[in-house]
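Presented below is the structure to which this report refers.
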Amino acid sequence: MKERADYNEFIQRLKKSEDEIRVKSTEKRHSKGYRTARENLLDLVDEGSFLEFGQFAVAAQRSRRDIDDLLIETNADGVITGFCSINKDISEKFKADAVAIVYDYSVLAGTQGLFHHQKLDRIIDKAKKYKLPIVIYTEGGGGRPGDVDVLTQIAGMHIPTFANWAALDGECIRIAISNGYCFAGNAALFGASDIRIATKNANIGMAGPAMIEGGGLGNYSPDDIGKVDDHISSGVVDLIADDEKHATYLAKKILGYFQGFISDYKKQDQQLLKNILPEDRRYSYEVRDIIKLVSDVDSFIELKVDYGKSLITGFIRIEGKPLGLVASDCKFLGGAVDSESAEKAADFYELCNSHNLPMLALVDSPGFMVGPASEKDGAVRRMSKLFKASATFQNSLVAVFLRKGYGLGAQAIVGGSLHKPTYTCAWPSGEFGGMGIEGAVKLGFKKELEAVEDKDEREELYNKLVNKMYDAGKAIEAASFLEIDAVIDPADTRSTILNALR
């Protein structure tokens, strides 16, 4: 059969999008240990599911460059966009529907041009209309000054992309991956995403070297701007990946929690929870061991590990059901809620609330972090944010007090009140009070203690008062006054959570 000329032209144009044709740029990516945009895409989406938008676009530079050059060097105008499915093998089919956006750094350093923005705006509009989750790879250098074909704008500040992307908040879950250099407009998209994943060699900044130099702020290498270690400690990055392959794996796993229930899961021996806490209430322990026992095997994934360390945030599954998790870590500040951890937990509550994920709170906290240094850190504003986010949480919330539940800090973790959760329970090791027992004794019995001159006798009285208040605040006593709903066998934690969620 004779091949039609128009069909042949179509096939030849398609081939110019392929990595095999774009040999030079492909080799350059591989030489750095990076993947091409289409290699990332193929790893992300389910096979055969990608429906591409704007594949034949090129940079708006026809008046200064040859079209054949543009087809190869500015393919798709530097960004691949389209509908797809992700995780179809583990999710219900309709819940696997998604949008993929993959920046192509091999095209003009992943910069944002006229048709590039038009492609973004169109796919963002479709994602919003159909409430589709989005995975975006944001590597790129920001705005592009070289699109000389554009004659209808001066500054280009009426471009709606950034407003459209930000307006997806609460509508579509956005998971961003940053590898290599991510500056200016690309960084704005990364920063405004719900879950932010960066590779170890990522540099992310709201301005790149040219903009910094243009602002008279000095000359910097891109490697010196927005180092990933700084973003880990500041809470910008949620997860660190080894490379693009690992980042893609993490993105798919995170997306899975928002896609719903899975039927394939394993659990560990729940009897191990009975003796997991040290008998001495003054000793710390590894709460992540408890999290891993309560949740399905290999289902726990933690966000912002090195930021706001006294509260852990992340995702788990219990019998395949996805949940958000907030847990006290008594190894940091004794589990006290400081400004960083409060803000981190508040943001997480808001995320789970927007996307209908139930929440589990595992609490062991002496309350809010106090003192002049804490107030200088914005404690009043930032800690109050946790009250607002947890109190307005509309989904099921199950609170399990492992040990300490003191003061406003413990209340804030569970919605502002012990009666806010769907169900509030404690292990037999639970203890409650308006403030830490030791501090309450020192404050409430100050005169009595000062009246005892002998040091040993004063210590004896102090310990007696502490033990008395501890007995009064035991979980069993709190349950008898209906401050909490129940005291449970630690081995029943998993089943209790499931029953409460039902």
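The values are calculated or read from the model by the stated rules, or taken from the named source; none is laboratory data. In this text the structure is predicted, and so the values were computed from the model without any measurement. Here the Cβ is made from the backbone with ideal geometry for all residues, glycine too, and neighbour counts use every protein chain on show.
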Within the stretch 261-307, can you find the residues that are among the aliphatic types (A, V, I, L, M), part of a loop (DSSP other than H, G, I, E, B) and within 19 Å of residue 400 (Cβ to Cβ)? 276, 277
Hey, can you tell me all the residues within the stretch 9-35 that are among the small types (Gly, Ala, Ser) and in a helix (DSSP H, G or I)? 25, 31
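If a residue must be closer than 30 Å to residue 92 by Cβ and more than 14 Å from the chain's Cα centre (by Cα), how many such residues does the stretch 227-270 contain? Spell out the reasoning first.
Our first condition is that a residue be closer than 30 Å to residue 92 by Cβ; within the stretch 227-270, this holds for 238-239, 241, 244-268, 270.
Narrowing further to those that are more than 14 Å from the chain's Cα centre (by Cα): 244-246, 248-249, 259-268, 270.
Selection size over the stretch 227-270: 16.
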Index of the failed condition, residue 260 passing every other in (1) surrounded by fewer than 12 Cβ atoms within 10 Å (Cβ to Cβ); (2) on the phi > 0 side of the Ramachandran plot: (1)
Failed criterion for residue 87 (all others in (1) at pLDDT 90 or above; (2) outside any loop (DSSP other than H, G, I, E, B) hold): (2)
Going residue by residue through the stretch 150-166, is there one that turns out to be on the phi > 0 side of the Ramachandran plot, within 23 Å of the chain's Cα centre (by Cα) and modelled with pLDDT of 90 or more? no
Return a yes/no flag: does the stretch 212-229 have any residue that is modelled with pLDDT under 95 and under 18 Å from residue 308 (Cα atoms). yes
Scope the stretch 36-55; condition touching a helix residue (DSSP H, G or I) at 6+ places or on another chain (Cβ under 7 Å) and not in a loop (DSSP other than H, G, I, E, B); matching residues: 40, 43, 44, 53
Does the stretch 104-117 contain any residue that is in a strand (DSSP E or B) and in contact with a Cys (Cβ under 8 Å, 6 or more places away or on another chain)? no
For the stretch 61-79, enumerate the residues that are outside any helix (DSSP H, G or I), under 20 Å from residue 22 (Cβ atoms) and out of contact with any Ser or Thr (no Cβ under 9 Å at 6 or more places or on another chain). 62, 66, 74, 79
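Confirm whether residue 180 is surrounded by 14 or more Cβ atoms within 10 Å (Cβ to Cβ), more than 25 Å from residue 257 (Cα to Cα) and in contact with a Cys (Cβ under 9 Å, 6 or more places away or on another chain).
Values: surrounded by 14 or more Cβ atoms within 10 Å (Cβ to Cβ): yes; more than 25 Å from residue 257 (Cα to Cα): yes; in contact with a Cys (Cβ under 9 Å, 6 or more places away or on another chain): no.
In short, no.
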Looking only at the stretch 370-391, and only at residues there that are of a type outside the set (S, T, N, Q) and surrounded by 23 or more Cβ atoms within 10 Å (Cβ to Cβ), the one that is farthest from residue 337 (Cα to Cα): 389
